[in-house]
Amino acid sequence: MLETTDQRLRQREFLLQVSRAITAQLDLTSVLDLVIDVAVDLLAGTIGLIALRDDNGALHVGAGPGLARELWPAFSALLATPLDDRRALAQRLQEVAANTRLPLRQVVALPLVFRQTSVGVIYVFRAALNVAFTPEEQELLKDFADQAAIAVSNARLYQSVLHDKQQLDAIIEQSADGVMILDSRWRITTFNRAMEQLTGWPRDEAFGRPCAEVLAIKDERGVNICLVDCPLQRHSPESNPTVEGWITTRDGRQLYVRSNYAIQRAPTGEFLSAIANVRDVTEQKIEAEMQNTFISVISHELKTPVSIIKGYAETLAREDANWDRATLVEGLQVIVEESDRLARQIGGLLEVSRLQAGGLRLEPTDWPLPPLAAQVVERTAAQAGDTFSFELRFSDDFPPVHADYERTRQVLENLISNAVKYSPDGGVIRIAGRVADDHAIVAVSDQGIGIPPEEQTKLFRRFYRVDNRLQRETQGAGLGLFLARAIVEAQGGRIWVESQPGRGARFSFTLPLATPQLVDSERGTAEAAEGAEPRALEEPEEAEGTANQARKLLDC
Ligand code: ADP
């Protein structure tokens, strides 16, 4: 094999180049293939394989480019044989040759040792019995094996780091919280899917931008906290700061977020990078605010009737006054009304706490809806004043519903009294029903102040009241629609609102029918419920006469 000094020098030079080439490689398969190629060449072999040690110390074939994969298991017994047991090795080799029908006459094994740890073995097989290696050749082979061991260890380390990184990337990507990683200049280098959904920024556009631009967290006054008091720029020992505030997403949503930062600093203290964990806590924020307003709203709502009752009672009880009967009756009437109001408020609060404690108990039965609607309208109309007119639109053959009677009354009362409360100039209040598949849809519409689009989904929250002039002028604790929704949903239905500010509102809810109906054009339910169909509020009124048999007009 290597005969002259000159040849040996050239071999060394070749080995050096090969070693450089393989240690520069990081892909494990390429390193192993390269190492085998060179080993087979150096040892004048025909084929070779590399066995790598697993965590338990057992050897497994890692690469054998010249060997078909299905032949690899045939080498297991050979790999399990100690390298210093030459006889056993020769015996196993014969068995492998017989099983694989490969011309394997001799095996040379080079242990791969890195930092006193055996990482694997290179096996080179020869088809003929070659002469033994000289001491110089053995020295050369050992050098090669040492280089190969370094290259293999590096490639394995790289592979494991790569694997860990892929795992970490997957965890970050799948995280339900928004995660972004910032470099030393607070620029975004990682931006997960939850972050895209939260902010509306596609990651490709977020990459490289300052985090204060993509996640511009603002305080209640609208000041960008990230610009004026960025926690990452503070040279304080605080390592995991938190910022809370409002963001405007790219698609215009207002969200309240909490962002926790894990900061990495150099030993000298300067900022290196940060991982931000961002969570949408809008609901909690609103809930907390509602809890705060709860006390003020409720105490106001409860105190008002109490002080009216007290005032009237004290006045009527004055010993120096000699009230006539009419004044007494009038005063007592006010006391009764205010007591009723107080009882209603307390009842509402009890309902809410009962709801929170474990839901509503319902007793659904079959009953006709139009008489109940008429009754509620009649009572409301009596107190509403003459600026209002009420319309009831139900077909004569409106099918019975299957629902809790008293609870449904509560929903109707709330919607109809709201229609009155939030229509300061009066107008037409229409209650209409129609049938759709297995349920009825009831709609209460008015011509009042209406509700801005951004407020519409919030109305059904506990204690929520739209902030406007009427809120301050009208009584209410923001519980009616919350309870209405709870009742409707407990009956398997849904409730929604359509409105335009200044053009009235239409609240609709569904109720289960006693017997699911097949809607046919003959039944007249469709025209009776024109007003209940969700439609643009500015749609023209239906043609005169279409709903005549279904319409009762209650002018008050
Ligand atoms: P309350 O009327 O006691 O405040 P509700 O839960 O019944 O509580 O209603 C919540 C809020 O929804 C009201 O404060 C009002 O701002 C708004 N709202 C309800 N109904 C109407 C309506 N028909 N027109 C306009 N705004 C309405």
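Read-outs throughout are calculated quantities, based only on the coordinates presented, and are distinct from any laboratory measurement. All values reported here derive from a predicted model rather than from experimental measurement. When we count neighbours, we look across all protein chains shown, and the Cβ atoms used for this are built from the backbone with ideal geometry, even at glycine.
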Worksheet item: Each label point is 7 Å from the Cα along the Cα-to-Cβ direction; what then is the distance between the points at Ala436 and Leu272, in nm?
Response: 5.9 nm
Discussion item. As I understand it, the dipole of region 1-138 uses +1 on the Cβ of Lys and Arg and -1 on the Cβ of Asp and Glu, about the Cα centre. Which of Trp72, Gln138, Gln94 lies farthest toward its positive end?
Written reply: Gln94
Worksheet item: Once both labels are modelled 7 Å past Cα along the beta-carbon direction, what's the Ser299-Leu16 spacing in nm?
Response: 8.9 nm
Discussion item. Skipping prolines and chain starts, which residues have an amide H placed within reach, meaning under 5 Å, of the one on Ile429, given they are 5 or more residues away or on another chain?
Written reply: Ser389, Phe390, Glu391
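Take the Cβ-Cβ distance between Lys310 and Asn260 as r, set R0 to 45 Å, and report the resulting FRET efficiency rounded to the nearest 0.05. Kindly include the intermediate steps, with their values, before the conclusion.
On the way: r = 51 Å, r/R0 = 1.14.
With R0 = 45 Å, the Cβ-Cβ based efficiency is 0.30.
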Discussion item. Rg/Rh for region 85-229 to two decimals, with Rh computed the Kirkwood way over all alpha-carbon pairs.
Written reply: 1.37
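Could you order peptides 64-74, 439-449, 383-393, 191-201 by the average number of other Cβ atoms within 10 Å of their residues, highest first? Each step should come with its number before you reach the end.
Details: 64-74: 14.4, 439-449: 23.5, 383-393: 17.1, 191-201: 20.3.
Final packing ranking: 439-449, 191-201, 383-393, 64-74.
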Fill in: Cut-off 20 Å (backbone N to label point 7 Å along Cα→Cβ of Ala288), residues of region 197-222
216-222
Worksheet entry | R0 of 45 Å, Cβ-Cβ distance Ala343-Thr249: FRET efficiency to nearest 0.05 | 0.55
Worksheet entry | Label point distance in nm, Glu173-Asp386, each placed 7 Å from Cα along Cα→Cβ | 7.3 nm
Item to complete: Report the paramagnetic label zone for Thr5: residues of region 118-147 whose backbone N is under 18 Å from a point 7 Å from Cα along the Cα-to-Cβ axis.
Response: 135-137, 140
Worksheet entry | Straight-distance crosslink candidates among lysines, where the alpha carbon sits under 19 Å from Lys218 and sequence neighbours closer than 8 are dropped | Lys285
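Please give the calculated 222 nm ellipticity per residue for the chain, where each DSSP H segment of at least 4 residues contributes -39500 (n - 2.57) and the sum is spread over every residue; nearest 500 deg cm²/dmol?
-14000 deg cm²/dmol, from helical runs alone.
Pick out the long, greasy-scoring helices in the chain: whole DSSP H runs spanning 24 Å or more along their own axis by Cα, mean Kyte-Doolittle at least -0.5. Could you put the intermediate results ahead of the total?
Details: long enough: 5-24 (28 Å, -0.56); 135-174 (58 Å, -0.45); 282-317 (51 Å, -0.08); 325-358 (48 Å, 0.12).
Qualifying helices, which must be both long enough and hydrophobic enough, are 135-174, 282-317, 325-358.
If each residue of separation counts as 0.36 nm, what is the full-extension length gain between Gln375 and Val161 once their alpha-carbon separation is subtracted?
Details: separation 214, 0.36 × 214 = 77.04 nm, distance 7.44 nm.
Result for the pair: 69.6 nm of gain on full extension.
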Item to complete: Would you mind listing how long region 144-261 runs along its three principal axes, going by Cα atoms, in whole Å with the largest first?
Response: 69, 33, 21
Response to the item:
Log10 I(q)/I(0) at q = 0.06, 0.08, 0.12 Å⁻¹ for the chain, from Debye over equal alpha-carbon scatterers, is -0.61, -0.77, -1.15
